[in-house]
Amino acid sequence: MKILVTAKRLMDPETKIKLKKDNSGVDLEGVKFVVNPFDENAIEEALRLKEKHGGEVVVVSIGKPEVVEQIRTGLAMGGDRGIHVNADGEIDSDAVARILAKLVEEEKPDLVLMGKQAVDDDSSQAGQLLAEYLGWGQACFASKVEVNGTTATVTREVDGGLETLELQLPALVTADLRLNEPRYASLPGIMKAKKKEVKEVTPASLGVDVAPKVKVTGVTVPPARSAGKKVESVQELVQMLKTEAKVL
Amino acid sequence: MTTATHASNPIGFSLTDEQKQLQETARKFAAEVIRPVAPHHDRTEEFPEKVLRKAHELGLINLIIPEQYGGLGLSAVDGVVMTEEAAWGCAGMATSIMANDLALSPIVLDASEEQKEEWLPKFTKEYRLASFCLSEPGAGSDVAGMTTTARRDGDYYILNGAKQWITNATYADQFTVFATLDKSQRHKALAAFIVPRDTPGITVGKPEDKMGQRASNTAPVIFEDVKVPVRNRIGEEGQGFMIAMRTLDKSRPMVAALCVGLARAAMEYAMDYANERKQFNQPIANFQAIQFLIANMAMKTEASRLLTWQAAWALDAGIRSTLYSSYAKSFAADTCMEVTTDAVQVYGGYGYTKEYPVEKLMRDAKLMQIYEGTAQVQRMVIARELLSKR
């Protein structure tokens, strides 16, 4: 089976976030970039499915030439080849979905695997939009994926429990954290990745207009945490939870 | 990959994309696999076999094996970049991870084609350890004063003697042993041999109870009438000293990288603690007394890294690296001793206790000024190299 999987480049979630002086966004100067952790789960799942059923894993990333680093990480983990959609500037979730829809038309994968959301803007939209554009079945927030011939059985994490879906392939699945534990890119993997093909395309060559429909107009940091209070007794604690915190 | 970068840009400090990935993999491994278990292995001196097996699986062991013998064909720059990361996790484990490279270097550098085919690929195929047996109870810095003898007997050599401070010896599957064919001829009479562990007559003694780097295994190895086939000799009779020195030229930048990783770990701990610890109603990082300590740590760690990269670059460029290797090893070792000592100082009384991580780093650091050529031997090498050219 052929699987298309995404590898979004974003700042390392471990980094301390600093805003630009004009609050127009996050200051990216000197920041380390990684593959979106949920996309890493998606890549891992794609590789496991390939190891079980054979086939090919194609790693896609959209953005400036630097995003090829994230594609290479996917290839070093075991992906077969990459597609870099070279695009500058803000690309909103809808544009991402329309770009991926075009790539799906060309590549004709049996399955598209994506992270359930990117941990930078937490939109959680691109996967769902893509399935809509393609008219495919979708299963988001997957914690288990099994493929049987022309169907996929997906367990998804919903509020208060698990839901199991059966999907007709081709389909779209987005990965949750508990789906698997992503492997390390091994040294042999990294050395082999150098020789793997990464094709470059552009939104224009795909015929996709990426003019944003949604624009970020400003960001703010959450208010600093105020100091805690020490209480003398349980009674006082209950009292304060009622009157000050208003949680009881 | 590195040579190409440097050819087009004679002085460059940037890493290639692949090198960044190698660094990232080593960094993740150090943070997620090595560091969490480092205190346990320091306390118990239990050998970190699980970590080493995982490191082998990822390809972090046997960095120097060339591609045609099943290795990855990495450059020395690749090696120092990754070794710094491993040592950041735990210097003791990094020493054990590196030990195969030290033992296999004589084979990579000076063995015949047949010997390379026979002895190298098995190390990348399966988890195996090898130990470098050079030092002796009475021959440390004075390598040529060794008393382990090799006597030719038909198609064999008969080895007799004792080796000391042998890294990973208890768990090694294979030894690279240096011995003398004639004690009176000193360095002119040394030869190097590949000796499988299961050869009769080999005894590995009790592991040392060390001050630091307690995760790494260090033990004496005794050879009693050990029969080694002539075809296991690396190079010619009398080339042993040269082979040992070439190996050390190659390994010293890696040891220097280990020092850099250790110093970086201590510096990071000291900075975080200085920001957190309050005295006189403010973080101690506000005081110049602490700031100057931190600034010195950072300057010297950075300088150590540059010397280390330079030495690795010289190796990759095929330039005689003896001087660069010794600059890097001695400066980085002295630096990591100083930085770890100052890190304990920043922590004050807490730093002196085992509740906090920096006293371990200080104990680990001391070894760096001793093994693979003491701080003093490095200076002898440096002075000799420089003075002989005037």
Enumeration of residues in region B:345-390 that are touching a residue at least 60 places away in the same chain (Cβ under 8 Å), more than 29 Å from B:H41 (Cβ to Cβ) and of a type in the set (A, V, I, L, M): B:L386
Hits in region B:8-25 - residues which are more than 9 Å from every other protein chain (Cβ to nearest Cβ), touching a residue at least 60 places away in the same chain (Cβ under 8 Å) and either basic (K, R) or assigned to a helix (DSSP H, G or I) (or both): B:Q19, B:Q23
Selected residue [over 16 Å from A:E197 (Cβ atoms) and without any contact (Cβ under 8 Å) to a residue 60 or more places away in the chain] from A:E51, A:E45: A:E51
Test: B:A303 is of a type in the set (G, A, S), more than 30 Å from B:T16 (Cβ to Cβ), surrounded by fewer than 20 Cβ atoms within 10 Å (Cβ to Cβ) and at pLDDT 95 or above: no
Filter pass, A:T150 being in contact (Cβ under 8 Å) with a residue 12 or more places away in the chain, within 30 Å of A:M77 (Cα to Cα) and surrounded by 13 or more Cβ atoms within 10 Å (Cβ to Cβ): no
Some residue of region A:21-38 being charged (D, E, K, R), more than 16 Å from the chain's Cα centre (by Cα) and outside any loop (DSSP other than H, G, I, E, B): no
Filtered residues of region A:43-85 (kept if more than 14 Å from chain B (Cβ to nearest Cβ), surrounded by fewer than 18 Cβ atoms within 10 Å (Cβ to Cβ) and not in a loop (DSSP other than H, G, I, E, B)): A:R48, A:E51, A:K52, A:H53, A:E56, A:R81
Residue in region A:87-109 that is in contact with a helix residue (DSSP H, G or I) (Cβ under 8 Å, 6 or more places away or on another chain) and assigned to a strand (DSSP E or B) present: no
Residues of region B:56-65 satisfying the condition of being of a type in the set (A, V, I, L, M) and facing chain A (nearest Cβ under 10 Å): B:L58, B:L60, B:I61, B:L63
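Residue by residue through region B:139-179, note down the ones that are part of a loop (DSSP other than H, G, I, E, B) and not hydroxyl-bearing (S, T, Y).
Answer for region B:139-179, where residues must be part of a loop (DSSP other than H, G, I, E, B) and not hydroxyl-bearing (S, T, Y): B:G140, B:D142, B:M146, B:G154, B:D155, B:N168, B:A172, B:D173.
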Elements of type helices (runs of 4 or more DSSP H) contained in region A:160-248, each with 1 or more residues being within 14 Å of another protein chain (Cβ to nearest Cβ): A:187-193
Selected residue [away from every other protein chain (no Cβ under 14 Å) and either of a type in the set (D, E) or assigned to a helix (DSSP H, G or I) (or both)] from B:V77, B:V81: B:V77
Single residue of B:I97, B:I64 found to be over 15 Å from B:G261 (Cβ atoms), under 18 Å from the mean Cα position of the chain (by Cα) and crowded, with 19+ Cβ neighbours inside 10 Å: B:I64
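Please verify whether region B:197-210 includes one or more residues that are of a type outside the set (K, R), under 22 Å from the mean Cα position of the chain (by Cα) and crowded, with 23+ Cβ neighbours inside 10 Å. Steps first, answer last, please.
Taking region B:197-210 as the starting set, the residues that turn out to be of a type outside the set (K, R) are B:198-205, B:207-209.
Filter again for under 22 Å from the mean Cα position of the chain (by Cα), leaving B:204-205, B:207-209.
Within this subset, residues satisfying the condition of being crowded, with 23+ Cβ neighbours inside 10 Å are none.
No: region B:197-210 contains no residue that is of a type outside the set (K, R), under 22 Å from the mean Cα position of the chain (by Cα) and crowded, with 23+ Cβ neighbours inside 10 Å.
The values are calculated or read from the model by the stated rules, or taken from the named source; none is laboratory data. Just so we're clear, the structure is a prediction, and the values are computed from it rather than from any experiment. Neighbour counts run over all protein chains shown; Cβ positions are idealised from the backbone, glycine included.
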